[in-house]
Amino acid sequence: MPGDPKECRRHAAKCAELAMTARSHELKTALLELSKNWENLAISLEAVRDMVSESGKAASDIPQTIDGIRPPTGSANSND
């Protein structure tokens, strides 16, 4: 499932694990930063799902809603 917090946390754990065996300080730092970013993404996804649940909309409706957004006609990017 896209946007799965559990998957994000698996990636975070893998990055942290790899950081423990990194041979250079730069690589270790980069992997730990990636791990932190994956964890933050998981937290953000959970927060969005909570907000959606509170609004009464099913979380499965989010991708369809986002995909359905179109720029307004006559926008600045239009070549009319």
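Some points to look at:
- Subtracting the Cα-Cα distance of Arg10 and Ala30 from their residue separation scaled by 0.36 nm leaves 5.5 nm.
- The label-point distance for Ser55 and Ala22, in a model that sets each label 7 Å from Cα toward Cβ, rounds to 3.7 nm.
- Gyration tensor over alpha-carbon atoms, the range 5-54, equivalent ellipsoid semi-axes in Å: 28, 9, 4
- Net charge, Leu31 excluded, C-beta distance under 12 Å - Lys, Arg +1, Asp, Glu -1: +1
Here, each number is a calculation from the coordinates, and none is a lab measurement. These numbers were taken from a predicted model, which means no experiment stands behind them. Counting neighbours? That spans all protein chains shown, and the Cβs are built from the backbone with ideal geometry, glycine included.
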